[in-house]
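Structure, as structure tokens:
The values are calculated or read from the model by the stated rules, or taken from the named source; none is laboratory data. Just so it is clear, the structure is predicted and the values come from calculations on it, not from any experiment. Cβ atoms come from the backbone with ideal geometry, glycine included; neighbour counts cover every protein chain shown. Just the protein is used for accessible areas: all its heavy atoms, side chains included, with ligands, DNA and RNA removed. Shrake-Rupley method; radii C 1.70, N 1.55, O 1.52, S 1.80 Å.
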Amino acid sequence: MGDSMSYKFDLSDLKRDGEVSITQQLVDRISAAIESGDLAPSSKLPPTRELATEAGVNHLTAARVYRKLAELGYVTAQVGRGTFVRSLVPDGSASYGDDWQVYALPPDDISYSEQVLADTFSLADREDVISLATGFPAPSNYPTQALARITADVFEEVGGDALSYLPAEGLFQLREALAARGRKYGWAQDPDEIVITSGAQQAIALAARATLEPGDVALVESPTFIGMMTALRGTGARVIGVPVDEDGLDLDALERLLGRHEVKLVGLQTACQNPTGRSLSDERRARLAELAVERNFFVIEDRVYADMHFESQLRRPLRELAPAHVIYVNSLSKVVGGGLRLGWVAARGPVRERIAMLKLEADFHSPTLIQHMAARWLATGAYERHVAKTIPFYRERRDALLAALERHMPGEYHVDPPEGGHHLWVTLTRPVDERSLYAEAARGGVMFTPGGAVTAERRSQTSLRLSFSLLGPDQLDEGVRRLARALREVRRRSRHSVAAPIS
């Protein structure tokens, strides 16, 4: 986090007997400084006792000021560290008499990654914002007509059973269809290995909860998918990052960590990784499987982008080599549509039973109708046809984003073209303060995923994930133009110093 703020408020003209309370006057002064940029993102505010002295108020009044700023979304408090300016200021708020909840609710320290993830969803539909942070599949590619016909057929043939309860593991016909794909591609042999989940995120979270407890050590590729990192951290485990390169997870770095720690789990994407778009090489895949068996640690293998490969052939899954140690995760979200919220886990042994029980405790089972629809859609062979149709669409957008970067930011970045997926991992040639860039870009009408939100460790470089799947070529070009303008503005402000990116 940043140092204590150097910005000094002029508090000499506070009206002690005015209609507006001293508390509200202080809230207004600080929020105005944040909105104007005088107080930069991640700036640390002074301790409440220091603010009380400066303003000539008691300590409780200063504490109320910070609580009010937190309620309005301007600052975030971290136990033992202090109060900091949030990366994005709120659009505005109104009081609905809910302030009491802040005091009644248990403490909730939102991490940087969680805050960025929330921003991604909340701002994705704003008309004045171009979101390069959103890697959803394009709605124009959704197989809506086919799914509409299938839905009608489901109700015609099974009637009310389409809305009935199911076992936690899910609809057998769907698990059977998935197991058939698993036998073909190497990630499952039997329907009983499979548990249906509400998307891959739930699958990852259930697998993490089944295998980890507070104090355990989990390794995760870095950079990684935000949801993987937050799920692992949510168990109370210590999460350590492992670098990735053009061949995927760095196995030399992994083995050094295995020599120093008793590792319980490794989390990674083995094909078309989010955010780099790179895949684990065959050599590293074989060695990772050997290590998992030798050292007896679990692996969560997330394959949500595996089928979205542009040039290379489909990479075989890690679970094929170590089925008792690898928990395989996939979904229809990145290929068909995220709103279906249909994913699955493939595992065996006690860990599979534990995942099924956690699923039951979480929400009984995933929606019955969606499972019937997915089972029938997969049975028609539509999945392969749909993937073949959409790959050229996403390849074109990848190339459009690469071209826009070269057009608007030549010499400012490095990127390895992804083999597949929906994202580019871009590293700036000259570091800037990441959170300042994030906030300035948002003010300029463009969003991206900052590297610090998807890495498990502090970095000396400034990196960002740019997503291309949801936007057309013209929107991608305009988004990069806005990003380049934001970068120039941040460099202008800090031309005499370079701040280390904050992760």
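Rolling a 1.4 Å probe over the heavy atoms of the protein chains gives the chain an accessible area of 45 Å² per residue. Remark: the stretch 319-379 projects, on average over all directions, an area of 5.0 nm² (convex hull of Cα atoms).
The distance between label points at ARG495 and GLU283 comes to 4.7 nm (points 7 Å beyond Cα on the Cα→Cβ vector). Report the calculated FRET efficiency for ARG49 and ARG407 (r = Cβ-Cβ distance, R0 = 45 Å), to the nearest 0.05. That pair, ARG49 with ARG407, gives E of 0.30. Our summary gives the chain a relative contact order of 18 percent, counting only alpha carbon pairs under 8 angstrom and 6 or more residues apart. Once you reduce the stretch 349-411 and the stretch 21-55 to the center of their Cα atoms, the two points are 44 Å from each other. For LEU369, put the label point 7 Å out on the Cα→Cβ axis and report which residues of the stretch 319-357 keep their amide N under 20 Å from it. Correct set: 332-333, 336-343. Calculated FRET efficiency, ARG181 to ARG443, Cβ-Cβ distance, R0 = 51 Å: about 0.65 to the nearest 0.05. Overall, the accessible surface of the chain at a probe of 1.4 angstrom is composed of carbon and sulfur to the extent of 51 percent. Taking only Cα atoms, what is the 0 to 90° angle, nearest 10, from helix 434-443's long axis to the longest principal axis of the chain? The two axes meet at around 90 degrees.
Over 31 Å between Cα atoms, which of LYS44/LYS334; LYS44/LYS264; LYS334/LYS359; LYS15/LYS44; LYS184/LYS264 qualify? The answer is LYS44/LYS334; LYS44/LYS264.
The phi-based Karplus calculation (6.51 cos²θ - 1.76 cosθ + 1.60; θ = phi - 60°) puts the 3J(HN,Hα) values of the stretch 390-400 at 8, 4, x, 4, 6, 4, 4, 6, 4, 5, 5 Hz, whole numbers, x for Gly and Pro. Put LYS184, LYS264 in order of accessible area, highest first, and with a 1.4 Å probe you get LYS184, LYS264.
All distinct Cα pairs of the chain go into the 1/r average, and the inverse of that average, the Kirkwood radius, is 24.5 Å. In this calculation the C-beta distance from VAL158 to ALA388 is compared with R0 = 30 Å, giving a FRET efficiency of 0.50.
If you take all other residues with their beta carbon under 9 Å from the beta carbon of HIS422, and give Lys and Arg +1 and Asp and Glu -1, the sum is +3.
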